[in-house]
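One structure is given below, encoded as structure tokens.
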Amino acid sequence: MPTQDSQAPKLARISGHNLESLFAQTIEQIGRVILGKQEQIRLALACLFAQGHLLVEDMPGIGKTTLAKVLAGTLGLDFHRVQCTSDMLPGDILGVSVFEQKSGGFVFHPGPVFTQVLLADEINRATPKTQSALLEAMEERQVTIEGQTRPLPGPFFVIATQNPLEQAGTYPLPESQLDRFLMRTAIGYPDRASEHSLLAQGGVFRELEEVRPVFNAEKVARFQKLVLKIHTSQALIHYVQDILEYTRKSSAFRLGLSPRAGLAILAAARAWVFINGRNYVLPEDVQKVLPYVAGHRLRGAEGQDGFAPDELMGLLLSVPVPS
Amino acid sequence: MAQADIRARPIALAVCLCTLPHIFNIPPWTAAVSAGLWVYAFFARGRGWPFPGGRILTVLAFFGFAGILASQGGGLGTDGAVALLSLMAALKILEIRTHRDRMLTLVLCYFLIVSGLFFSNSLGATLYMFFCVWCATAAIIHVNQPGMGARAPLRLSGVLMVQALPVMAAWFLLFPRIQGGLWSRFFTHAQKTGFSSEMSPGNIADLARNTAAAFRVEFEGEPPARRHWYWRGVALWDYDGTTWRIGDREASLGRRFSGKGRAAYTVSLEPNGERWLFALDMPSGVFARAVHRDDHTFYIRQPVTQRLIYNAVSYTQYNTGPLDADKAALALPRGLNPKTRELAQRLRAESKNTDQYVQKILAYFRENPFYYTLKPPLPGESAEYRQNRVDEFLFGSRRGFCGHYASAFAVAMRAAGVPCRVVAGYQGGARNPYGGHVTVRQSDAHAWCEVFTEEKGWTRVDPTAAVAPGRILMDASQILEAEAALDIFRMLRGTRMGQWMNTAGFGWDYINSRWNLWVMGYSQREQAGLWSRLGIDPGGIRAPAKAMGLALCAGAVVAFSVALFHARRPGTRTDAVGRAWEDFCGKLNRAGLTRRPGQGPVDYMETVSRARPDIAREVRGITSIYTRLRYGRGGSADSERSLALLVRRFNPPARRRVKQGAE
């Protein structure tokens, strides 16, 4: 696209890299492991670079864990995984202080949360207490244990998953907690060709091992700051406002989007633009990320919790793009 | 659910507001039941009262229907239909379960509103109808967009109505009018307050308390002097000792007479259920459809059930000519009022001519202690007095109002062989300082006499003036005030509040007269005039179609300009860049490549490029500049200019000419 071509060099100068080729390389490498899911990979990357967290709602065996692993590997970040259960305590995630006889004092044993990419599997199986401890850490990017505040390593990115079908024995995340996830997405079944090659090669273990870091933690943190500089024009902000207003007035929704949701839409759109190598946001970018950012924050008039991305297409069609 | 509660109340309120004008038109029990249902519906959800199930509602609806049928005597007239509508709308509120029910109930409101036209089309009623439409529309907006609060739907509804006004005006002026026929059958202004074609003791005094407007008169030029303001209604010929009646008179084409002091005027007569038309003494002609009686009175064949506007011409100085005096003008019931007959014959014998005799009778009124009062003593108990009412009045009580004086005077004339008739109508009126028109009220009702002499023809004699000359210069309501010791108007008289109320009253009356003349009086005739001024021959077969087309065009123009106004409203960002983009989209739209409202620029560009590779380069160029200017980090004035230039030069050929145009 000419609009992007003409702007890309400028952004490349700022970042010191040819972003387009850098991200193309990253996505290509992740795509070798997560077959046929370009869109989800881009969204996950955008979520990370927008300093948000990702909620993945899908069935087991779709490749959520693999996505988190390969993402961490490609970006050169630490990776931990927590399998949430109902008997889990906050300490199991955050860490505990243990008395050590040798030194005669308490020593802090950091929990799995002290990492850069954290996969919290089946987060709705954890008790509300544990959930809130994790979500607190996500929001504050630090944990306070026994009166001592410990910052989490940056960048810090949580991918939480939940199984939308199995509801027995779960604690669904309350609306206020859902709000802490920048995006909610589903991975979905692979298409026929991708699944064929997956089955033919007997899994992606070899590819997973071959993953080489394209980024490192320092670079990720620097890029996250660059994303904030992506330009959002007055016209674009008006467009986002129109969308917010529409959700508040339309009879299809019981609960419209909050100002925080508006900030989230803009942040996600900026990151989306960044990984596509442009330096200003277009309405199309907002339309691209909106279903994933707004879906879990809206409440339907008939009481349904959240909307699938497809269901929000009507919303985007009803809000005119200003000229 | 708390949400549903919020949604039910505006509906109940809308139904209530829309039904209110009917409260006195429908049977009282229907009104009471409906009011009960509103109150129940209004508070039920908030207080957790139970809602009746479908079966109970069915039973209620059935009994309501049966009850209305019964109270209407088996048939369902207009009143019955409106009562049914009111009751069912009230029941429907309790039946609300779904969105569809809500909408249906609110649609019923509009039927309720328009049914108000069956009863009144006055300015006040119309304004109230507008108010109801405003509220009902706001309720519909609320039902469809809950959570906007109370003010936003009302504002939106008001905006919608203001936008509709020009369209309404265009259609009102141009849409072919259906005169009478359709509507008049339904109009049921049945109340017969006001004028009556008989005169018996008491009926004018009753009118004196009624300050409603009887009719309004607009003169061409200056009105004649106030002392000429005798508004002729009926001439009464037959007297049976109690009541004066019009008698059997032949209809004529109108008797010609010579006159001076011509006055031409337009009367707008309020519906009164009678057939008489009022005109200034002495009318030479009233508009064509009226029947002209040989006593210079006019009537129409159908009772006046809706406001009637007619033109008339009168002469204030007149001579009806030497007609043969009718025998009916001398007839008196045999044997009644012996004292009056005796007085009449004595005075007649003392007079040289009729004129002198008339003066003597008037002098008799003046010189004896007669009093003008609207509360005359009731006739005595004795049979003699009850029969000889004129004797009782002339020699007994000597207290009465115009009806008594006119009656006594006429009897005295006839007893002496002087032809005389009583004329009933209105006298006086108030000239409105704003419009210059004259408003005559029911309280101005009056009765006077006409005496026939060979030289002058029929001549007006007002015996009341002999007793209470002030009566002719004041109106009856002032006399009522004078008689009522504790009257609020009297207390206010002379105070600033009183003056203010007077001014406000005149203002309101003026607006009403304009409304009646310009809006309610806008008929086929006026419309034909407008059509011919617009170049449509009103007589042509296709005139209605042409006018409708014109009305549609006018409506479209108005709608379009409203849309334009909205598009260019400040706040919707209409800078040069936006306009250029709109022009660009408009050009592509004409070439058959429409942008969906929710489609972003790059998305649109890609769609267009795929569909039309021949213009893809231009489209890409323009879109690229536009997106950079609009969404990028600002742009130079140069690129703004080049965008405008590119868009101006951009001229997408229609698909057919692609091959040739590509070179």
Residues that are more than 20 Å from the chain's Cα centre (by Cα), β-branched (V, I, T) and loosely packed, with under 15 Cβ neighbours inside 10 Å, drawn from the range B:97-117: B:T98, B:V107
Only listed residue being modelled with pLDDT of 85 or more and closer than 21 Å to B:W229 by Cα, chosen from B:A447, B:A416: B:A447
Subset of the range A:171-201 that is out of contact with any strand residue (DSSP E or B) (no Cβ under 8 Å at 6 or more places or on another chain) and of a type in the set (F, W, Y) - its residue that is surrounded by the fewest Cβ atoms within 10 Å (Cβ to Cβ): A:Y189
The range B:629-646 - residue that is of a type in the set (K, R) and without any contact (Cβ under 8 Å) to a residue 12 or more places away in the chain and, of those, farthest from the other protein chains (Cβ to nearest Cβ): B:R641
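Which of the residues belonging to the range B:324-362 are of a type in the set (K, R) and out of contact with any helix residue (DSSP H, G or I) (no Cβ under 9 Å at 6 or more places or on another chain)?
The answer is B:K327, B:R334, B:R346, B:K352.
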Matching residues in the range A:266-323 - criterion: being facing another protein chain (nearest Cβ under 10 Å) and among the charged types (D, E, K, R): A:R278, A:E284, A:D285, A:K288
Every pair of residues 6+ apart whose Cβ atoms lie under 6 Å, when the first sits in the range A:232-244 and is farther than 12 Å from A:V281 by Cβ while the second is assigned to a loop (DSSP other than H, G, I, E, B): A:H238/A:P322; A:D242/A:V319; A:I243/A:V319; A:L244/A:L257
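Per-residue answers, yes or no, for (1) farther than 28 Å from B:S196 by Cα; (2) crowded, with 18+ Cβ neighbours inside 10 Å; (3) of a type outside the set (K, R):
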| position | (1), (2), (3) |
| --- | --- |
| B:A279 | no, yes, yes |
| B:M282 | no, yes, yes |
| B:R293 | no, yes, no |
| B:R307 | no, yes, no |
| B:L330 | no, no, yes |
| B:D355 | yes, no, yes |
| B:L362 | no, yes, yes |
| B:F365 | no, yes, yes |
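Please go through the range A:151-168 and pick out each residue that is of a type outside the set (A, V, I, L, M) and either touching a residue at least 60 places away in the same chain (Cβ under 8 Å) or under 20 Å from A:Q51 (Cβ atoms) (or both). Don't jump to the end; show me each part of the working.
Keep residues of the range A:151-168 that are of a type outside the set (A, V, I, L, M), which gives A:151, A:153-157, A:161-164, A:166-167.
Hits for the range A:151-168 are A:P151, A:P153, A:G154, A:P155, A:F156, A:F157, A:T161, A:Q162, A:N163, A:P164.
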Checking A:A235 against (1) loosely packed, with under 14 Cβ neighbours inside 10 Å; (2) in contact with a Phe, Trp or Tyr (Cβ under 9 Å, 6 or more places away or on another chain), the condition it does not meet: (1)
Some residue of the range B:647-662 being modelled with pLDDT of 85 or more and within 14 Å of chain A (Cβ to nearest Cβ): yes
Identity of the residue in the range B:588-606, modelled with pLDDT of 85 or more and within 8 Å of chain A (Cβ to nearest Cβ), that ends up nearest to the chain's Cα centre (by Cα): B:Q599
Filter result for the condition that a residue is without any contact (Cβ under 8 Å) to a residue 40 or more places away in the chain and buried (at least 17 other Cβ atoms within 10 Å of the Cβ), over A:L263, A:L298, A:L312, A:L257: A:L312
Any pair with Cβ under 7 angstrom, 6 or more apart, that starts in the range B:275-291 at a residue that is in contact (Cβ under 8 Å) with a residue 60 or more places away in the chain and ends at one that is charged (D, E, K, R) and part of a strand (DSSP E or B): B:F278/B:R232; B:D281/B:R232; B:D281/B:R460
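Conditions (1) in contact with a Ser or Thr (Cβ under 9 Å, 6 or more places away or on another chain); (2) outside any helix (DSSP H, G or I); (3) at pLDDT 80 or above, marked per residue:
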site: B:P146; (1), (2), (3): yes, yes, no
site: B:A152; (1), (2), (3): no, no, yes
site: B:R155; (1), (2), (3): no, no, yes
site: B:V159; (1), (2), (3): no, no, yes
site: B:F172; (1), (2), (3): no, no, yes
site: B:Q179; (1), (2), (3): yes, yes, no
site: B:W183; (1), (2), (3): no, no, no
site: B:T188; (1), (2), (3): yes, yes, no
site: B:P201; (1), (2), (3): yes, yes, no
Helices (runs of 4 or more DSSP H) wholly inside the range A:163-259 that include at least 1 residues being at pLDDT 90 or above and within 12 Å of another protein chain (Cβ to nearest Cβ): A:234-249
Subset of the range B:497-551 [outside any loop (DSSP other than H, G, I, E, B), more than 19 Å from the chain's Cα centre (by Cα) and charged (D, E, K, R)]: B:R533, B:K546
Residue in the range B:235-250 that is surrounded by fewer than 17 Cβ atoms within 10 Å (Cβ to Cβ), modelled with pLDDT under 75 and more than 25 Å from the chain's Cα centre (by Cα) present: yes
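So that you can scan it fast, the table gives a plain yes or no per residue for (1) in contact with a helix residue (DSSP H, G or I) (Cβ under 8 Å, 6 or more places away or on another chain); (2) surrounded by fewer than 19 Cβ atoms within 10 Å (Cβ to Cβ); (3) at pLDDT below 70; (4) closer than 26 Å to B:S268 by Cβ:
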{"residue": "B:G436", "(1), (2), (3), (4)": "no, yes, no, yes"}
{"residue": "B:R441", "(1), (2), (3), (4)": "yes, no, no, yes"}
{"residue": "B:K456", "(1), (2), (3), (4)": "no, yes, no, no"}
{"residue": "B:M474", "(1), (2), (3), (4)": "no, yes, yes, yes"}
{"residue": "B:A485", "(1), (2), (3), (4)": "no, yes, yes, no"}
{"residue": "B:R493", "(1), (2), (3), (4)": "yes, yes, yes, no"}
{"residue": "B:N512", "(1), (2), (3), (4)": "yes, no, no, yes"}
{"residue": "B:G521", "(1), (2), (3), (4)": "no, yes, no, yes"}
{"residue": "B:L530", "(1), (2), (3), (4)": "yes, yes, no, yes"}
Residue that is farthest from A:Y280 (Cα to Cα) [pool: residues in the range B:626-639 that are in contact with a helix residue (DSSP H, G or I) (Cβ under 6 Å, 6 or more places away or on another chain) and in a helix (DSSP H, G or I)]: B:S639
Residue, farthest from B:I96 (Cα to Cα), within the range B:45-66, restricted to residues that are in a helix (DSSP H, G or I) and touching a residue at least 40 places away in the same chain (Cβ under 8 Å): B:G46
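Across the range A:111-120, which residue is nearest to A:L19 (Cα to Cα) among those that are assigned to a strand (DSSP E or B) and touching a helix residue (DSSP H, G or I) at 6+ places or on another chain (Cβ under 8 Å)? Walk me through it before giving the result.
Our first condition is that a residue be assigned to a strand (DSSP E or B); within the range A:111-120, this holds for A:117-120.
Narrowing further to those that are touching a helix residue (DSSP H, G or I) at 6+ places or on another chain (Cβ under 8 Å): A:117, A:119-120.
Numbers: A:V117: 22, A:L119: 27, A:A120: 30 Å.
The qualifying residue nearest to A:L19 (Cα to Cα) is A:V117.
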Inter-residue pairs, beta-carbon under 9 Å, first at the interface with chain A (Cβ under 7 Å from one of its Cβ atoms) and within 16 Å of B:N589 (Cβ to Cβ) and in the range B:615-628, second buried (at least 22 other Cβ atoms within 10 Å of the Cβ) and charged (D, E, K, R), 6+ apart: none
Residues of the range A:129-154 that turn out to be in a loop (DSSP other than H, G, I, E, B) and at pLDDT below 85, as a count: 4
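The values are calculated or read from the model by the stated rules, or taken from the named source; none is laboratory data. Everything numeric in this text was worked out from a predicted model, so none of it was measured. Methodologically, a virtual Cβ is constructed for each residue, glycine included, from the backbone with ideal geometry; neighbour enumeration extends over all protein chains shown.
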